[in-house]
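J.: Just passing along the structure, written as structure tokens.
The values are calculated or read from the model by the stated rules, or taken from the named source; none is laboratory data. Please read all numbers here as calculations on a predicted model, not as lab measurements. As a convention, Cβ positions derive from the backbone with ideal geometry for all residues, glycine included, and neighbour counts pool all protein chains shown. Just the protein is used for accessible areas: all its heavy atoms, side chains included, with ligands, DNA and RNA removed. Shrake-Rupley method; radii C 1.70, N 1.55, O 1.52, S 1.80 Å.
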Amino acid sequence: SELTARAAVLGRLVGELGGVFARLTIADSRDSAAAAAAGHMAPQVATASLNDLAEVALHFCALRHTDLAKCGLDFWYAVLAHHLGAAAEEDDPFDEDEVSMPGLRARDQQAWAAARDPEAENQRRAEERPVLAPYIEKMVKSHWQAVRYPAEPEKEAHFDWDEFVRFRETCSINITEACLVVTPRWIIDHIGSMLEQICAKQPIAWQDIDACVFVLTGVASRAPAGQDTVIPKLIELLPQLPYHTDGFKALLFRNAASRLILFTSGYLALNPEPCKQILRFLTLQHLPAIPPLPQGPDPDAKKYCEAIACDAMKMVMTAARKGIVTADGGSLWRDVVSAVITLVADPRFTVDCRAQLVFGIGQVLSVLENWDELEHMLDIFVTRMEDPLAPILNALPPEPLGSRAVKTTPDGKAPLELKLYIAAVSSVYNMPPRMDTLNRPSHHPVLAVVEKHFPTIERVCIHNTQYDELMEQVCLAFSYILGFAREYAPTSPVFVPMMKLMARCCEQHPQPFYMGLVRSVIGFFAATGSEQLDAVLVDLTGLFAAPIARQLAAAASGGGSPLPPPINAASYEMLAEALRHWNLALLAIRSAQWLPETLDATIEALPRLAEDNQAIHERTVCAMMRFLRNVLLWGDPETCKGDATPDLLELQKQAQALVVERPLPRGQALPRLVAALARLLAAAAPNGPTKGEVVPSVAEVLRTLLVGPFEYQTSTGLPAALRALPIPLGTALGEPEQLRLVQQLKMEKGDSRRFVRTVLGVAEQFAVSLKKAQFGG
């Protein structure tokens with residue numbers, strides 16, 4: 001309307017005057033103080049005008065029109081920004097007024113210098129605070145009015161929930177910053193007095209309670225925890241409030257209760273009685289009451305209400321977990337966990353909300369000192385989450401479809417029942433270490449539950465490998481379980497079956513997260529010192545790495561196409577991790593039949609990948625070279641210098657034999673490796689040698705060859721490898737230059753940075769030769 005348009009113009013003007021209002025108010029106060037000190041009567045015209053301007057801004061805040069009300073918020077935001085020193089305007093070098101008024105410019109420069117002094121800033125704010133405080137107090141009161149919902153939101157004309165939520169968040173910013181002027185304690189006490197008035201009236205206005213909660217949560221981050229009586233009283237009041245069951249107000253009021261609990265979870269963790277009261281309220285009243293509530297006018301409103309409520313439940317269970325397991329003689333946690341398990345099983349909640357609750361259950365169970373009780377309750381939880389799987393499992397074919405399996409769900413994601421089941425299995429993972437080593441339990445409770453339910457876990461996995469997000473969740477679950485039970489996992493009957501299951505799943509639908517799991521497992525258990533476990537880890541590495549290396553070599557020979565680059569890279573990162581540990585390296589080089597084949601395939605495929613598309617395969621190429629470098633390092637006597645145990649000496653001999661003596665399917669490794677490094681430098685030339693990590697990785701492998709027992713063969717083989725490159729690269733370096741290059745590399749092998757720089761220079765020289773050939777030079 002025309003009135004609204006005119007009001008908007010006026011409102012924008014008011015919004016722009018906040019900084020001016022703050023400056024004039026402070027100046028007027030100083031003038032009044034100076035006049036009083038001199039015994040004169042200060043003029044009241046300016047004060048009255050400023051008061052009128054403040055009242056106009058307060059009036060705009062309270063308008064039931066968010067666009068107009070924002071003008072009032074802008075005014076007060078500018079006032080607060082000026083007080084905080086965040087509203088200084090930049091000097092305009094073309095401002096004629098400043099040029100013609102050097103005194104004003106000098107004064108501004110002095111103000112800037114003072115603003116950069118923290119002590120002067122603190123003193124300025126302390127002087128301004130009493131002047132601005134009366135206005136900011138009125139601002140807080142008007143903002144409380146502004147954030148109130150209509151009593152019947154869906155009946156309010158032109159009410160937009162999304163827009164009003166954003167408006168409230170802007171109000172919250174002003175209220176939070178107001179704490180620096182009027183203190184959080186004043187705001188909390190003011191809200192406390194309002195709560196007393198609100199609760200004295202019947203019926204209680206839900207929108208007033210909601211506004212109080214909103215303001216309190218806005219200042220909670222600035223207030224010292226547990227030093228007021230208002231928030232505890234409101235928490236005590238929550239279960240007794242008259243919650244509505246119909247209309248949008250039902251969702252909004254429930255959301256306010258959830259918001260308060262979420263923001264006070266730290267307080268509840270420190271106060272057992274209020275915590276017990278809120279836990280009972282959440283599990284028996286609050287959360288069960290949300291699914292039946294009607295959908296609001298906004299389709300996301302109910303989802304948001306559910307999410308905040310479940311997040312509040314999770315945060316209280318997480319923050320107060322140690323108190324929960326000891327409360328009421330150790331009986332409270334059983335009631336809480338059993339009630340939350342019932343909520344998790346309720347399909348009316350979204351899967352994300354149910355996952356939040358699963359996390360909360362795991363947090364409580366993880367701190368139980370009695371592992372028998374933990375195992376029993378976790379078994380109950382997993383069994384309960386297994387019930388909804390029956391229709392899905394009954395519909396499975398007798399044998400897995402393997403790579404022929406396709407996604408059958410409308411959204412292409414795994415059924416949520418499967419995801420929640422895996423979440424329940426892995427919900428307990430961050431258990432604190434046990435201090436009582438004398439009474440060490442014979443088994444780990446989580447591993448025991450996994451072992452009991454492994455047939456179901458196996459069916460869930462092997463029949464659903466086409467759902468990548470589900471299988472990645474399984475890999476993460478196994479990683480958490482094994483990582484936090486690493487003292488018990490190697491002897492657990494379910495350890496090897498878990499890893500073999502992941503190998504079968506990877507064979508059906510390869511994905512990089514399977515190799516990531518194996519890499520984590522190697523990191524967990526490589527240093528255990530068990531020969532039996534070493535053999536398991538070596539076999540496991542070969543189970544994943546050998547087929548991928550074989551496929552890469554076949555693709556390099558024109559016999560197919562390689563797997564996607566992320567899978568290849570993850571496989572070689574896993575392989576490099578395994579060969580980083582001397583015990584696994586010794587066993588693999590000495591006994592594993594897959595390692596010579598994998599080394600042979602790697603040297604064959606390495607330069608082909610870079611020549612095919614270095615940008616796509618860079619991560620794989622670099623991981624391959626880390627694997628090769630680890631093999632070369634174990635053959636270098638300097639690697640085990642000062643720790644020449646028989647095992648390390650044997651590893652040194654075995655590594656040297658593998659590289660120099662042992663016959664591989666495509667020939668000895670060392671001369672082919674030197675030729676592959678030269679081809680990698682040639683492949684890097686047209687792609688910008690200084691870009692990426694390929695050339696530095698080549699330099700590190702070449703330096704490792706020159707500093708160890710392979711120096712002679714490398715020095716004699718490198719010139720021949722460079723000459724074997726295709727024209728014009730094969731002639732880019734003449735024979736004398738090649739010999740000088742080898743001598744320079746041998747002299748610089750002790751300085752990694754200079755060595756890399758020299759190798760980069762060779763690749764850049766190749767790049768110049770290619771450009772000359774391209775333009776007929």
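J.: Below 8 Å between Cα atoms, with a sequence gap of 6+, how large is the relative contact order for the stretch 241-357 in percent? Can you show the working numbers first?
T.: Values: 124 pairs, mean separation 37.9, N = 117.
Rounded, it is 32 percent for the stretch 241-357.
J.: Here's a follow-up. From the Cα trace of the chain, what convex hull volume per residue do you get, rounded to a whole Å³? Please report the intermediate quantities before stating the final value.
T.: Working: hull volume 223.4 nm³, N = 777.
Convex hull of Cα atoms, per residue: 288 Å³.
J.: Could you tell me the center-to-center distance, by alpha carbons, between the stretch 271-335 and the stretch 633-690 in angstrom?
T.: Value for the Cα centre distance between the two parts: 59 Å.
J.: Continuing with this model, one more query. Rg/Rh for the stretch 687-750: what does it come to with C-alpha atoms and Rh from Kirkwood?
T.: Working: Rg = 12.3 Å, Rh = 12.6 Å.
Result: Rg/Rh = 0.98.
J.: For the stretch 228-236, what does the Karplus curve 6.51 cos²θ - 1.76 cosθ + 1.60, with θ = phi - 60°, yield as ³J(HN,Hα) per residue in whole Hz, taken in order and with x for Gly and Pro?
T.: Working through the residues one at a time gives 9, 9, 6, 4, x, 5, 5, 4, 5 Hz.
J.: Expressed as a whole percentage, what fraction of the accessible surface of the chain belongs to carbon and sulfur atoms when a 1.4 Å probe is rolled over the protein heavy atoms? Intermediate values should be presented prior to the final figure.
T.: Details: 19850 of 36370 Å².
That share works out to 55 percent.
J.: By how many degrees, between 0 and 90 and to the nearest 10, does the Cα long axis of helix 118-146 differ from the longest principal axis of the chain?
T.: 70 degrees
J.: Got a sec to turn the phi values of the stretch 11-20 into Karplus ³J(HN,Hα) couplings, 6.51 cos²θ - 1.76 cosθ + 1.60 with θ = phi - 60°, whole Hz, x for Gly and Pro?
T.: Values per residue, Gly and Pro as x: x, 4, 5, 4, x, 6, 8, x, x, 4 Hz.
J.: A further question on this structure: Based on the alpha-carbon gyration tensor of the stretch 404-561 and its eigenvalue square roots a ≥ b ≥ c, which shape applies: rounded if a/c is under 1.5, prolate if not and a/b is larger than b/c, or oblate? Each step should come with its number before you reach the end.
T.: On the way: a/c = 2.61, a/b = 1.31, b/c = 2.00.
Cα axes put the stretch 404-561 in the oblate bin.
J.: Give me the angle, in degrees from 0 to 90, between the Cα long axis of helix 206-219 and the longest principal axis of the Cα atoms of the chain, rounded to the nearest 10.
T.: Relative to the chain, helix 206-219 is tipped by roughly 60 degrees.
J.: Let's see if you can work this out: charge +1 on each Lys and Arg Cβ, -1 on each Asp and Glu Cβ, no other charges. What is the dipole magnitude of the stretch 431-557 about its Cα centre, in debye to the nearest 20?
T.: Details: 9 positive and 11 negative charges, 17 e Å.
Computed about the Cα centre, the dipole is about 80 debye.
J.: Hey, what's the stretch 215-322 come to in accessible area per residue, 1.4 Å probe, Å²? Walk me through the numbers before you get to the answer.
T.: Numbers: 4320 Å² over 108 residues.
That works out to 40 Å² per residue.
J.: Leaving out ligands and nucleic acids, note down the accessible area per residue over the stretch 543-591 with a 1.4 angstrom probe, in whole Å². Write down the numbers at each step before the final one.
T.: Details: 1670 Å² over 49 residues.
I get 34 Å² per residue for this part.
J.: Among P272, P709, I204, which residue has its Cα positioned farthest towards the positive end of the charge dipole of the chain, with +1 placed on the Cβ of Lys and Arg, -1 on the Cβ of Asp and Glu, and the dipole taken about the Cα centre?
T.: The Cα lying farthest towards the positive end belongs to P709.
J.: Same structure, new question: Counting only GluC sites (Glu not before Pro) that sit in a DSSP loop (anything but H, G, I, E, B) with at most 16 other Cβ atoms within 10 Å, what is the longest stretch of the chain containing none of them?
T.: Numbers: sites that count: E89, E90, E156, E369, E487, E693.
Maximal segment without exposed cleavage sites: 157-368.
J.: With labels modelled as points extended 7 Å from the Cα through the Cβ direction, what inter-label distance (nm, one decimal) is found for D298 paired with L770?
T.: So the label points at D298 and L770 sit 5.4 nm apart.
J.: Quick one: what do you get for the stretch 338-437 if you divide its Cα Rg by 2.2 N^0.38 Å? It would help to have the intermediate numbers written out before the result.
T.: On the way: Rg = 16.1 Å, N = 100, 2.2 N^0.38 = 12.7 Å.
Cα-based Rg divided by the globular estimate yields 1.27.
J.: Rounded, prolate or oblate: pick one for the stretch 473-556, where a ≥ b ≥ c are the square roots of the eigenvalues of its C-alpha gyration tensor, a/c under 1.5 means rounded, and failing that, prolate if a/b is larger than b/c, else oblate.
T.: Details: a/c = 2.28, a/b = 1.57, b/c = 1.45.
Prolate, since a/c reaches 1.5 and a/b exceeds b/c.
J.: Ok, one more. Apply the Karplus parameterisation 6.51 cos²θ - 1.76 cosθ + 1.60, with θ equal to phi minus 60°, to every residue of the stretch 348-357 and state each ³J(HN,Hα) to the nearest whole Hz, in sequence, with x for glycine and proline.
T.: Values, residue by residue: 6, 7, 5, 5, 5, 5, 5, 5, 4, 5 Hz.
J.: I've got another one for you. Pull up the cross-link candidates among the lysines for K500, meaning alpha carbon to alpha carbon under 24 Å and not fewer than 8 places away within one chain.
T.: Output for K500: K407, K419, K452.
J.: Still on this model: To the nearest 20 Debye, how big is the dipole of the chain about its Cα centre, given +1 on the beta carbon of each Lys and Arg and -1 on that of each Asp and Glu? Display every interim value, and only then the final one.
T.: Values: 72 positive and 90 negative charges, 369 e Å.
Approximately 1780 debye in magnitude.
J.: Now for a different question. Find the relative contact order for the stretch 578-657 and round it to a whole percent, using C-alpha pairs within less than 8 Å whose residues are 6+ positions apart.
T.: Working: 53 pairs, mean separation 30.7, N = 80.
The normalised contact order for the stretch 578-657 reaches 38 percent.
J.: Compute the helix-to-body angle for 735-748: its Cα long axis versus the longest principal axis of the chain, expressed 0 to 90° and rounded to tens.
T.: 60 degrees
J.: I've got another one for you. Could you work out the relative contact order of the chain, using alpha carbon pairs under 8 angstrom and six or more residues apart, expressed as a whole percent?
T.: Values: 915 pairs, mean separation 45.2, N = 777.
Relative contact order for the chain comes out at 6 percent.
J.: Give the accessible surface of the stretch 406-506 per residue, rounded to a whole number of Å², with probe radius 1.4 Å and ligands, DNA and RNA excluded.
T.: Accessible surface, normalised per residue, equals 44 Å².
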